[in-house]
Every structure is written in structure tokens, then in C-alpha cells.
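One structure is given below, encoded as C-alpha cells.
The values are calculated or read from the model by the stated rules, or taken from the named source; none is laboratory data. What you are looking at is a predicted structure, and each value in this text was computed from that prediction instead of being measured. In this analysis, Cβ positions are derived from the backbone assuming ideal geometry, glycine residues included, and neighbour counts consider all displayed protein chains.
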Amino acid sequence: MTRVITGANIAGADDFYAELLGLHVGRSKLESDAINARLILLLANHIGDRDVLREAMQMAAAAGQPRNARDGEIPD
Amino acid sequence: MQKIFDTPLYPYHRSPDQDAPASQRHPVVIIGAGPVGLAAAIDLAQQDVPVVVLDENDKVSFGSRAICFSQRTLEIVDRMGGAGPMLEKGVLWDAGRVFFGDRQIYDFNLLPDADHKHPAFINLQQYYLENYLVDRVREIEAAGKPIELRGRNKLAAIGEHDRHVRLEIDTPEGPYNLEAEWLIACDGANSPARRMLGLDFVGRVFEDNFLIADTIMEADFPTERWFWFDPPFNRGQSALLHKQPDNVWRIDFQLGWDIDRGEELKEANIRRRLHAMLGENAKFDLEWCSIYTFQCRRMAAFRQGRVLFAGDSAHQVSPFGARGANSGIQDADNLAWKLQLVLNGTAPETLMDTYSTERVYAADENIRHSTRSTDFITPKSETSRAFRDAVLDLAEHHEFARPLVNSGRLSEPSVYDGSRLNGPDCADLPASLRVGAAAMDAPVAGGWLLDRLGGGFRLLAIDQDLPTAPDFGAVEVGVVELSAVDWPEFRQRYLGAARSALYLIRPDQHVAARWLGFDANAVRAALETAMATATAQKGTT
């Protein structure tokens, strides 16, 4: 059963995306990596639910693969 | 001043065995008079199993080595009658600070646990523990217990036979032979016994070096554990400062892999590092310095025929989390009662296989914990470093990130989940004391629960009437009847929401089975399971 919300859930998607990119403007790769790591930890703590976190990690790993390789791996 | 580790504590004396016409056979011979070998010997001798301990040396170990002893170790040594001096000498601490770069990111205070007889841990140099255990050996020897400690007796060869081993021992007066029904190899990480038997020892080597400096100083540092990630005085590495008795401070510097050991061990270089850390005006003496690298690995099995491996000879972990000596003491605790039952014919020899399975399980748990600490302290990739640093940066500002900081996790006794010695469990009782767990201490009428239990099999009846003098067959079971009504911690830990319960406790104080109500047949069956005498084999462990 999918616990991670995979339908659109952010109001003002373009504004959110611009804010996310804005966070990294003018940063070095090292600084950006550090910010991303902190952001992941903050969000993970906010979610808290280990099942949701594990599923999100699996989905994040699988989504980078070609579509035929992930058929059946990402339930929607 | 002569140091304790300069004095021969068990000097060589000629044994009658060396002049016997034929080699003498002993029920149990232990190789190695370190904390694990001594603990096993005391435990066995107190149960009247004759035991001979051989050590190639005649002194306690040099340098502090293991310095942090856990509550479970204190409980076990207390049962052996040796915890008093440990508690008297040991340093109690409950506060600590964590630094990242040039700043303190947080401090912590582990609230003292007043409802256990023993503290969560104490700091004490290993040589003191060994000294106290040797004192205890002398006490029980004087009281007539069958225990013998032979210094400068070095194992030279082992011959394996079906029902015994044959040993060749070197002494200052030449070699002699001995036989043992059981051999316990507590001869350390480089175990000669393991090597002589050609047994493999696989695992992960960590590519890192640590400099330990035992530093004597009259410092104003509080009695706290200080841990530095990436400090200015040791860039890119870590450092630890921890208080021991006698104003000795254990200082650990992570050095990295590619180092010149000879250079690093020069006193001038060590002093330069310490001044960078403690300040240019710090005054100190160096008691002991060493460079170590560590491995996380274990033997495939801790029993090989009539040879049992315990402590570092069987398994090694990183030093983070104080799991080396503490898990070795628990090996001894697991081993002694089983060997006693096998030697007196009550239990079958296969009971010793469960020593291996239960302690392999514990070793895997310890290796997992200490590997995780190592991976946090020494990130293995750019990404793992990014997350590690992210945790530390967040921990400075947000409480949520602090549990993720891992500079060593407190050692707690393993729960032997899935052991074939486990009897029936009861889901209505608290899960933390499930079958396989070590009994938890609690205040009870007349003192502390673990003191009331002591050693041997025990049937702990809580708010429950038992028939007078129930008979459980082959083995003696002490009945301990207690009420939890006026004892909230005892009630919370052992009953939860239940009103009464019955726990069958093994001699190492792990829970063997538990029920809500008494049934003599069920207790008898659980006892047979706990001693591996039950004919039906269940489980896989």
C-alpha cells in the first residue's frame, strides 16, 4: 500500500519550485549538498513515520531508472 | 611510584602437574587471565567446578585499555562478589559535551537511574578490574573453592580429541602437558588458541588509526565525556576526552590511515597534540600511549569441539560504545552455567552449542552498533560526510537531530530472541522483558531484585501463591516470591497491566519463560527447553 502521497499536494507548485531553487542560488556544490542534506533530515523528522520514509527512499532510488526497469516497482 | 601493572600479581610457582608421571586431566582449563577469563573462572569455581587459569604473563594488563564498564557488567561481577571495589574506585559520570569544528554544539545529562542498584556505567582502567578479579580469585580460593591461577604458563600446542583436549604448556622451568575436558580460550584478539586450531576470523577492517594517550593532569575539566568532530586541533578527524580514576584522562585522537606510527608515538609529537588540545600552559604527564587500529569481525562459531572461545578471541568490535570487555563478560556469564550443567551430567553437551548461537547473535548486534558509530565518526564517502555534518549542524539548533549523533551507543545486554532455549512467552506482559531478555533490576521488598535472584534457576512469582515446595525434576529451582503492589518500578517492568506473573529465570538472569499463572508441568517443560534436555528440537537457533 502506498503511504507516500504521490498525487499533487503542493499548492502553488511553481512558486515552491522557485523557492527550492532560490535556496541554492550563488552556492557552491559543497554548500548546496550540505543544505540538501539538512533539508532531507528536517523533512524526514517532520514525517517521522518509518514506513513512509522507507517507501520514499525506495521511490527516490527507483525513479532515476528507465521506465521499463521500474515497471511494477513504483505503485501509483 | 610503582604502578599496579608493574607488580607480578600471580608469579610463577611450580605446579605438581609438572612433576606428575602422566599428564593430569582437569574439567576446565582457561587460557588468559584477562577480565573475561577471570570472570569465567570465578563463576565456575563458585559453582564448585574445578578450574585452572593459565596466563603467559604474571601481571595485569599494561595501560588503561577497556575503560567503560556497563550496568550489566557491574551486575554480573556483583553476583560474583567483585563489584564493590569497582564501584568504590570507578568514576561515575552522566554528563557530556559534543563539539563540531571550533564550537560546542550541545551538552547532555543522562539522568542518573536511581531505581537500579548499579549506575548505567562507570569509567575504570582495565588493570583495576583485573586486579579486583584476581583479589576475588584469592578470596574464593582461600574459602576452599577449586580455582587455580598459574602465571607464566604459556600455551604452546593444542591436541584435539573427542572428549578432551591435550595442551602443551611452556613455563620458565620448561614444558609440561595437561589435559582438559573443556578449554576456554580467553586469549585475546590475537588468540594463539584460535591460530593453533586454524580457525578463520573474517570481518571488516577499518582503515584508521587512533592514538590513545592516558594523561595524568590536575585539570579543571569537569567529569564529563567530551567528544569532538573535526576539531581545530585535529582537523578532519575526531577526538575524545574521558575521565578515569586517579586523575588519569583517556584522550583518543583519530589519526587517519596514512600515518607514520613511529613519528606519531614520539613523546614530543604526542605532547604537541595534547598542548594544541588542552592549551599551551596545560601541565600533564603521560602514563601510557598506544596506537591502535581496529577490526569488526567474529569467528563463524564460538565452539570448536571441546574448545570454547570468549571475549576478543571470538569477536572484535570498534571501541565506540564500550562493547569489547562488556560483551566478553557477558560471554563468560552465558558460558559458565551451561558448562556446569554439562559437566555434572544434568544437560547434554549440545547445550554448549547454544553458548555459540546466543553469543554469536550478541556479537553481531555489537558489531552492527559499533560499525554504525564508526561510519558516523569516519564518513566513508562525500555524501555520508555531508549527512554527518548536516546532523551535527542541525543538532546545534534542534533537539531532533541529537539522537542521530553517534559517537558510540551505550552497551546494553542482548535479548536472545529466537534462541532454542527460549520457552513460552506471554504477550500480556511487558515486551521489554520478553523471553530471552536479561532480567532488569528494580527495588523490591528487602533490597534489589537482582540480589534476590542471585544465580541458579529461579522461579520468580509475583503476587502469586505457589504450592509449597514444588518439584521441578532434575535441577534445583529457587522460588522467589515477591509482591509488586507497593513497588511501582517492579510492577511497571515485570507486570505492566497484568496483576500477577511467573518468570522462569536462567542462572545468567535471562528470562527463560513466563506465564500469567502457575502450572508445574509447564515450568518443567520450560526448564527442559532451557537446558536443551527437551527431546523435541524446536526453533532454528
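Quick notes on this structure:
- Evaluation of B:A395 against (1) surrounded by 17 or more Cβ atoms within 10 Å (Cβ to Cβ); (2) touching a helix residue (DSSP H, G or I) at 6+ places or on another chain (Cβ under 6 Å); (3) within 27 Å of B:D43 (Cβ to Cβ) (one fails), failing number: (3)
- Checking each residue in the range A:27-57 for being in contact (Cβ under 8 Å) with a residue 12 or more places away in the chain and either exposed (fewer than 13 other Cβ atoms within 10 Å of the Cβ) or more than 13 Å from chain B (Cβ to nearest Cβ) (or both) picks out A:D49, A:D51, A:V52, A:E55, A:A56.
- Selection status of B:K380, closer than 20 Å to B:V52 by Cβ, without any contact (Cβ under 8 Å) to a residue 60 or more places away in the chain, outside any strand (DSSP E or B) and out of contact with any Pro (no Cβ under 7 Å at 6 or more places or on another chain): no
- B:D48 vs. criteria acidic (D, E) and assigned to a loop (DSSP other than H, G, I, E, B): yes
- Here the condition is being in a helix (DSSP H, G or I), in contact with an Asp or Glu (Cβ under 7 Å, 6 or more places away or on another chain) and either in contact (Cβ under 8 Å) with a residue 60 or more places away in the chain or not acidic (D, E) (or both); of B:A336, B:A362, it holds for B:A336 alone.
- Strands (runs of 3 or more DSSP E) within the range B:262-323 that include 2 or more residues more than 30 Å from B:E179 (Cα to Cα): B:284-292, B:295-298
- Residue in the range B:198-208 that is at pLDDT 90 or above and closer than 18 Å to B:V317 by Cα present: no
- Qualifying residues in the range B:279-301 (those that are surrounded by 15 or more Cβ atoms within 10 Å (Cβ to Cβ) and aromatic (F, W, Y)) - the one farthest from B:E218 (Cα to Cα): B:F294
- Where a residue in the range A:1-26 is closer than 27 Å to A:R50 by Cα and at pLDDT 95 or above and its partner, wherever it lies, is part of a loop (DSSP other than H, G, I, E, B) and not polar (S, T, N, Q), with Cβ under 6 Å and at least six apart: A:F16/A:I10
- All of B:V52, B:V29, B:V60 fail the test of being assigned by TED's automatic domain parsing to the domain that holds B:N190 and within 18 Å of the chain's Cα centre (by Cα), apart from B:V60.
- Filter pass, B:D102 being touching a residue at least 24 places away in the same chain (Cβ under 8 Å) and surrounded by 15 or more Cβ atoms within 10 Å (Cβ to Cβ): no
- Residues in the range B:373-390 that are closer than 18 Å to B:Q254 by Cβ, out of contact with any strand residue (DSSP E or B) (no Cβ under 6 Å at 6 or more places or on another chain) and not polar (S, T, N, Q): B:D375, B:F376, B:P379, B:K380, B:R385, B:R388, B:D389.
- Test: residue in the range B:412-427 that is in contact with a helix residue (DSSP H, G or I) (Cβ under 7 Å, 6 or more places away or on another chain), on the phi < 0 side of the Ramachandran plot and within 14 Å of chain A (Cβ to nearest Cβ): no
- Counting only helices (runs of 4 or more DSSP H) that fall entirely inside the range B:426-541 and contain at least 1 residues that are in contact with a Lys or Arg (Cβ under 9 Å, 6 or more places away or on another chain), surrounded by fewer than 21 Cβ atoms within 10 Å (Cβ to Cβ) and among the charged types (D, E, K, R), the qualifying elements are B:449-453.
- Annotation for the range B:382-398: no member residue is more than 30 Å from B:D508 (Cα to Cα), at pLDDT below 95 and more than 10 Å from every other protein chain (Cβ to nearest Cβ).
- Whether a residue is modelled with pLDDT of 95 or more, touching a strand residue (DSSP E or B) at 6+ places or on another chain (Cβ under 7 Å) and more than 10 Å from chain A (Cβ to nearest Cβ) was assessed, and B:V405 passes this test.
- Taking the conditions (1) among the small types (G, A, S); (2) assigned to a loop (DSSP other than H, G, I, E, B); (3) within 24 Å of B:E181 (Cα to Cα) in turn, B:G159 satisfies each one other than (2).
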